[in-house]
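The values are calculated or read from the model by the stated rules, or taken from the named source; none is laboratory data. Because the structure is a prediction, the values reported are computed rather than measured. Here the Cβ is made from the backbone with ideal geometry for all residues, glycine too, and neighbour counts use every protein chain on show.
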C-alpha cells in the first residue's frame with residue numbers, strides 16, 4: 001500500500017506464548033501440540049467473551065486486539081487462572097503448559113485482518129519480560145486499569161528488552177512472585193529525583209517473613225495520593241537456579257529439569273517461586289547470592305547439576321539458605337535418561353518435602369512426608385491445608401475436590417481419613433455440610449478413632465482431642481485426656497495450635513496464648529493467618545488490644561489477611577477514633593467472607609463476642 005493509504009488505529013494488544021516451547025517440542029512433539037491446542041481453545045474462548053479478536057497465531061504465540069484495556073487485562077488474568085487450574089488437574093507434567101502474557105496499548109497499522117506496528121512490538125517485548133504464568137502491562141494500560149480492578153500490581157519501572165525501553169508493571173497472581181528488576185540507569189536516576197521532589201520513599205517493612213513495597217502510583221495520580229501495594233508477604237520466595245550441565249555442551253536436559261521443577265513447585269500455593277526467566281537472567285548476569293537475597297527477597301535457593309554418561313544420568317540437588325550462607329540439605333538421584341519424566345515425581349517430592357521443613361512449617365516432618373508415595377499426593381495434601389486454612393466456603397469446596405483427587409491417586413487411607421475428618425470438622429462449625437448433622441458426627445467419630453487405631457501419631461491424638469471438644473462429648477476433661485505429654489511438648493505447629501485452641505476454648509487463655517506464640521515461632525509462615533487469628537482473638541478477650549496492634553501492625557493491610565483479624569482490628573480503630581479506617585477494615589472482612597456466626601467460634605467467649613458485635617454494628621451488616 002502507498003504511504004498515503006496507511007490505515008492506523010489505537011488498540012490494546014494482548015501477546016502470549018508458551019514457556020519453554022522449543023524444549024517441549026524436542027522432548028515430546030505430539031503431546032506438546034495436543035496440549036497447545038487445548039490451551040489455545042481456552043484463550044480463544046476467553047478473548048471472545050471479553051470482546052477481543054485474535055488476529056495472528058504463529059507457532060506457540062497468540063496475538064489479540066481489544067478496544068478496552070480493562071477487558072484485555074481481565075481476559076489475561078482469567079486465562080492464567082484457568083491454565084493454572086488446568087495444570088493442577090492433569091496427571092502428568094507433559095500435559096501441563098505455562099504461558100507468559102504482555103498487554104500494551106498503542107498505535108497499530110491495519111492490513112486486512114492483520115495488524116502490525118510498534119504497538120504490537122511493545123506487547124511482544126512485555127510478554128518476554130513477564131514471569132512464567134504471569135502478566136506484564138505497559139504503563140499506559142496500568143494507568144487505565146489499576147483502580148478499576150481487584151488486582152494488585154508491582155511497578156517494575158523502565159526496563160530495556162532487546163533494543164526497546166519500556167515502563168513495565170507486573171500483575172500479581174497466584175504462583176508468581178513479587179520482583180523488583182533493575183531499571184535503566186536513566187530510569188533509576190529519574191525515579192530517585194522524583195521521590196526526593198515528592199518527599200516519598202520506598203519503605204521496606206520487614207514483618208515476619210515478608211516485605212511490603214509502598215509505591216507511588218505514577219504521573220496520572222494526584223500528587224498527594226499514594227496507593228500502598230501489598231503482596232502475599234507471608235509466602236517464602238524460592239529461586240530455582242538453572243541446573244548446571246556437566247560433561248557436555250548439551251544443556252537441554254538440565255534446562256528441562258529446571259523448567260519442570262519451577263513449574264511443579266509453583267503449583268504449591270504456600271510458596272512463591274520466581275519465574276524461569278528470572279532464574280536464567282540471574283545466571284546470565286552472574287548475580288551474587290547477596291544481591292539475589294536483597295533484590296528478590298529470596299531466602300532459599302535450589303541448585304544442582306546434571307551429569308550424563310551415555311544414558312546414565314546423575315542429578316545432584318542442593319537447598320541453600322541464603323540468610324545463613326550454607327547448604328541445609330543435599331541429595332543425588334541416579335536414573336536413565338529415558339526415565340527422566342518418571343523421576344520427576346521423586347525429584348519434586350524430595351525438594352518440596354525439604355522446603356516444607358525448612359521454609360514453610362519450620363519443623364521436622366520426615367515422618368509425615370513418608371505417608372505419601374508421590375509428589376502429586378504430597379502436593380495435593382499441602383494445598384488442602386492451604387485451602388482449609390481459609391475458613392471460607394470456596395476453600396471448603398476446594399478441600400472436598402482435593403480429597404477426591406487424593407483418593408483417586410490411591411493415597412494412604414490414614415491420610416484421606418485424616419483429611420476428611422478435618423473437612424467435616426470445618427463443615428460442622430461453618431454449617432457448610434448438606435448432610436444430616438448426626439450422620440456427619442457419626443462419620444467424624446469413626447474417622448478419628450480409625451486413624452488412632454491404624455496410625456496413632458501425634459496429629460491423630462490432637463485431632464481426636466479437638467473433635468471431642470467441638471463435636472462429640474464437648475467435655476474439656478475428655479478432650480484434654482487425648483493430649484499426652486509428647487503432644488504438649490511437641491514443636492509441631494499443628495499440634496501446638498490444636499492444644500492452644502483446646503485450652504482457649506476451655507477458658508484457660510493464659511495457657512493457650514504461649515502455645516500460639518510458640519507455633520508462630522516454629523512456623524512464622526502462618527497459612528491463612530490461622531494461628532495469628534487465634535492469638536489475636538485470645539488477646540482481644542483479655543482486653544489486651546495494645547498487644548494486638550503491636551503484633552499485627554502494618555500487616556493489617558496485607559491482601560490475604562484473615563477476616564476475623566480485620567474485624568477485631570476494625571473495632572480497635574473505631575475505639576481509637578479512626579472511623580474511616582474501621583469502615584475499610586470491616587468491608588475487607590466482609591469481602592473475605594466473615595459473618596456474625598464467625599465471631600463466637602473465633603472468640604470462644606460470649607461476653608467478648610457480644611462486645612465485638614455491638615462495636616461493629618454501626619459499620620454495616622454482619623450477616
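Residue-wise test of (1) outside any strand (DSSP E or B); (2) within 23 Å of the chain's Cα centre (by Cα).
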residue: 281; (1), (2): yes, yes
residue: 295; (1), (2): yes, yes
residue: 302; (1), (2): no, yes
residue: 305; (1), (2): no, no
residue: 313; (1), (2): no, no
residue: 320; (1), (2): no, yes
residue: 328; (1), (2): no, no
residue: 333; (1), (2): no, no
residue: 339; (1), (2): yes, no
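Among the residues making up the range 53-65, those that are within 29 Å of the chain's Cα centre (by Cα) and either free of Cβ contacts under 8 Å to residues at least 12 places away in the same chain or closer than 20 Å to residue 12 by Cα (or both) are 61, 62, 63, 64.
All of 485, 470, 438 fail the test of being at pLDDT 90 or above, exposed (fewer than 14 other Cβ atoms within 10 Å of the Cβ) and either over 25 Å from residue 517 (Cα atoms) or not assigned by TED's automatic domain parsing to the domain that holds residue 593 (or both), apart from 438. So, residue 555, is that one in contact (Cβ under 8 Å) with a residue 40 or more places away in the chain and assigned to a helix (DSSP H, G or I) or not? Yes; evaluated as a whole, the condition is true for this residue. Taking the range 60-86 as the range and being under 15 Å from residue 135 (Cα atoms), modelled with pLDDT of 90 or more and not in a helix (DSSP H, G or I) as the test, the residues that pass are 62, 63, 64. Within the range 399-447, if we keep just the residues that are within 23 Å of residue 473 (Cα to Cα) and part of a loop (DSSP other than H, G, I, E, B), the residue that is nearest to the chain's Cα centre (by Cα) turns out to be 432. Whenever a residue of the range 491-503 is in the same structural domain as residue 539 (by TED's automatic domain parsing), it has no partner that is part of a helix (DSSP H, G or I) lying with C-beta atoms less than 7 angstrom away and at least six residues away or across chains. Taken over the range 463-484, residues that are part of a helix (DSSP H, G or I) and in contact (Cβ under 8 Å) with a residue 24 or more places away in the chain amount to 9.
For the range 33-45, the tally of residues that are crowded, with 19+ Cβ neighbours inside 10 Å and either within 30 Å of residue 8 (Cβ to Cβ) or out of contact with any strand residue (DSSP E or B) (no Cβ under 8 Å at 6 or more places or on another chain) (or both) stands at 2.
Looking only at residues that are surrounded by fewer than 19 Cβ atoms within 10 Å (Cβ to Cβ) and modelled with pLDDT under 90 in the range 561-594, which one is nearest to residue 503 (Cα to Cα)? Per the criteria, the residue is 593.
The number of residues in the range 448-460 that are assigned to a helix (DSSP H, G or I) and surrounded by fewer than 21 Cβ atoms within 10 Å (Cβ to Cβ) comes to 7.
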